Amino acid sequence: MIYLDNAATTKPNEDVIQSYIQMNTQYFFNPNSPHTAGVKIAHLIDKARDNIKQYLNLNDKFDIIFTSGATESNNIALQGMAQAKKRFGKTILTTKIEHPSVLETMRTLEEQGFNLQYINTLENGKLDITSLKKLLNDDVVLVTCMHVNNIMGQIQPIEEISNILKDYPKVHFHVDGVQGFGKVNLNINLVDSYSLSAHKFHGLKGSGILAFKQAKTIQPIIFGGGQEYGIRSGTVNAPVNIALTKAMRQMDAQMDSNIKLLTEKGKEIRQFIDQYEGVLINSPIDAAPYILNVSFPGVKGEVLVNAFSKYEIYLSTTSACSSKKSSHNETLKAMGLSNIIIEGSIRISIAPDLTNEQIEAFKDAFDKVYNEVKELLKYEL
Ligand code: PLP
């Protein structure tokens, strides 16, 4: 099996799984219990928060809130900050190429009376800075975008946006960092909040964080026992949170070598595919190296995914994490791609442990699939 769908989810590390099992068997206690076992777990969780801040190079202004994943983190940050800031202004800004966990949240806020405006994106999928500047005014309280796009891999200019927003101190700047962490460097201190899902960096599903500058400023959207700074009530899932910290430690330690490996392997695959007449590479050249979006115009993405599956190569149409919705097409449309290119697109997303033998096997399979479908390729787009 050759797994090329790492933007959808990654394989959990062995020591992450072991840590989860150990915590559940030996340290299953509730960190809110007053007995010594509970207190011990509470200390472990505090230590985990400190470690996470260290791995993410965060300054002391940040708090770490454990969540069930980035969908929840995005909801907490966006809904919570829009509500907390509404007396200062009602305009919220995002792009049309966000993950549904951001787009749908922003649209729900619009239904609640916020003025939602979309920042344009350029042809290469990057946020258009001129459009952002035009939309900014004294009524804007929230700006959000992703760091790395889950479908194309383009990297957003977070530093530049953060610099521009310095002139608008009322604005909360939230970044969905799901596809960026461990693969593309970012100084997270430049943003006000940042979401992650553990399963995208070899951790467990149902586990994530929201790194937030001064968590107490968020208006909670979940009510209950007041855990996680009162923002995310519910019994703390210590085994999952410790497992996330383990996965993050490993990512942090291997960050530079991983980026190097992803860049080399991504480039090799890109150059190989580039030779095939009629096949288009949609990901911009400066995209995150582990995501490559490719189109076979005239052939449906589903047909291609099945064709590769026959060779036990697992890749995705566009975005498996939201593929039950049509919103991934919305992203591609916003980037100005025609329907025929969108329908024929697949996403190849690699992990650093992809071996040279696997790359060669992928190349063989690609050649076979190409020959199976080449009669169907349309050159007039
Ligand atoms: N944001 C981005 C960019 C994603 O790619 C995903 C999932 O693929 C999410 C948010 C949501 O993450 P989760 O499904 O783990 O909550």
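Bear in mind these aren't lab numbers, they're just calculated from the coordinates by the rules spelled out. None of the values given here were measured: they were computed from a predicted structure. Don't worry about glycine lacking a Cβ; one is built from the backbone with ideal geometry, like all the others, and counts go over all protein chains shown.
Considering Cα pairs under 8 angstrom that are at least six residues apart, work out the relative contact order of the chain and quote it in whole percent.
Values: 727 pairs, mean separation 87.0, N = 381.
It comes to 23 percent, rounded to a whole number.
Roughly what would the spin-label model give for Gln83 and Gln214, points 7 Å off Cα along C-beta, in nm?
Taking the simple label geometry, Gln83 and Gln214 are separated by 1.9 nm.
So if I place +1 on the C-beta of Lys and Arg and -1 on the C-beta of Asp and Glu, and nothing else carries charge, what would the dipole magnitude of the range 68-181 be about its Cα centre? I want it in debye, nearest 20.
Details: 11 positive and 13 negative charges, 67 e Å.
For the range 68-181, the charge dipole is close to 320 debye.
Which GluC sites (Glu not before Pro) from the range 264-301 combine a DSSP loop assignment with at most 11 other Cβ atoms within 10 Å? Let's see the in-between values first.
Values: sites: Glu264, Glu268, Glu277; in loops: Glu277.
When the GluC sites (Glu not before Pro) of the range 264-301 are filtered for loop state and at most 11 Cβ neighbours within 10 Å, Glu277 remain.
What aspartates and glutamates sit close enough to Lys85 to cross-link, taking a C-alpha to C-alpha distance under 20 Å and skipping anything fewer than 8 places away on the same chain?
Within reach: Asp63, Glu72, Glu104, Glu110, Glu111, Asp138, Asp139, Asp167, Asp176, Asp192.
In terms of the Cα gyration tensor, with a ≥ b ≥ c the square roots of its eigenvalues, is the chain rounded because a/c is under 1.5, prolate because a/b exceeds b/c, or oblate? Please list the in-between numbers first.
Values: a/c = 2.14, a/b = 1.30, b/c = 1.65.
Because a/c hits 1.5 or more and a/b fails to exceed b/c, the chain counts as oblate.
Taking the Cα centre of the range 205-312 as the origin and placing charges on Cβ (Lys, Arg +1; Asp, Glu -1), which of Ile273, Gly230, Ser295 is farthest toward the positive end of the dipole?
Checking the options against the dipole of the range 205-312, the answer is Gly230.
Can you tell me the relative contact order of the range 130-219? Whole percent, Cα pairs under 8 Å, sequence separation 6 or more.
Working: 112 pairs, mean separation 20.0, N = 90.
It rounds to 22 percent for the range 130-219.
Which one of Gly113, Thr130, Val141 has its Cα pushed farthest toward the positive end of the charge dipole of the range 102-142, where Lys and Arg give +1 and Asp and Glu give -1 at the Cβ?
My answer, from the dipole projection, is Thr130.
Strictly over 29 Å apart at the Cα level, which of Lys61/Lys246; Lys200/Lys374; Lys96/Lys300 would you flag in this model?
Values: Lys61/Lys246 23 Å; Lys200/Lys374 34 Å; Lys96/Lys300 24 Å.
Among Lys61/Lys246; Lys200/Lys374; Lys96/Lys300, the Cα-Cα distance tops 29 Å for Lys200/Lys374.
Counting only helical runs of four or more DSSP H residues, what would the 222 nm mean residue ellipticity of the chain come to if each run contributes -39,500 (n - 2.57) and the total is spread over all its residues?
Computed ellipticity for the chain at 222 nm equals -13000 deg cm²/dmol.
Most mobile of Lys200, Lys267, Lys213 per a Gaussian network model of the chain (Cα springs, under 10 Å)?
Of Lys200, Lys267, Lys213, the Gaussian network model singles out Lys267 as fluctuating most.
Can you list which of the GluC sites (Glu not before Pro) found in the range 67-159 are DSSP loop residues with at most 14 other C-beta atoms within 10 Å?
Glu123
Can you compute the charge dipole magnitude of the chain about its Cα centre, using +1 on each Lys and Arg Cβ and -1 on each Asp and Glu Cβ, nothing else charged? Give it in debye, rounded to the nearest 20.
Working: 39 positive and 41 negative charges, 223 e Å.
For this selection, approximately 1080 debye.
Please report, in debye to the nearest 20, how large the charge dipole of the range 146-282 is about its Cα centre when each Lys and Arg carries +1 at its beta carbon and each Asp and Glu carries -1 there. Before the final figure, lay out each step's value.
Details: 14 positive and 12 negative charges, 98 e Å.
The calculated dipole for the range 146-282 is roughly 460 debye.
Over all pairs of distinct alpha carbons, what does the Kirkwood formula give as the hydrodynamic radius of the range 229-370, in Å?
Working: mean 1/r = 0.0584 Å⁻¹.
Averaging 1/r across every pair of different Cα atoms and inverting gives 17.1 Å.
In the chain, what % of DSSP beta bridges are antiparallel (nearest 5)? Don't skip to the answer; put the middle values down first.
Details: 21 of 40 bridges.
Expressed as a percentage, antiparallel bridges in the chain total about 50.
Cα gyration tensor of the range 167-271, axes a ≥ b ≥ c as square roots of the eigenvalues: rounded (a/c below 1.5), prolate (a/b > b/c) or oblate? It would help to have the intermediate numbers written out before the result.
Numbers: a/c = 2.90, a/b = 1.51, b/c = 1.91.
In terms of gyration-tensor shape, oblate.
So what is the relative contact order of the range 254-371, in percent, for Cα pairs below 8 Å that sit 6 or more residues apart? Write down the numbers at each step before the final one.
Details: 136 pairs, mean separation 36.2, N = 118.
The value is 31 percent.
Between Tyr229 and Lys378, take the C-beta separation as r, use R0 = 51 Å, and let me know the FRET efficiency to the nearest 0.05.
Details: r = 54 Å, r/R0 = 1.06.
Working from the Cβ atoms, E equals 0.40.
Which is the longest run of the chain containing none of the chymotrypsin sites (Phe, Trp or Tyr not before Pro) found in DSSP loop states (not H, G, I, E, B) with at most 10 other C-beta atoms within 10 Å? Walk me through the numbers on the way to the answer.
On the way: sites that count: Phe223, Tyr379.
Counting only loop sites that pass the neighbour cut-off, the longest clear stretch is 1-222.
Identify which of Asn241, Asn282, Asn339 has the largest mean-square fluctuation in a Gaussian network model of the chain, with springs joining Cα atoms closer than 10 Å.
Asn339
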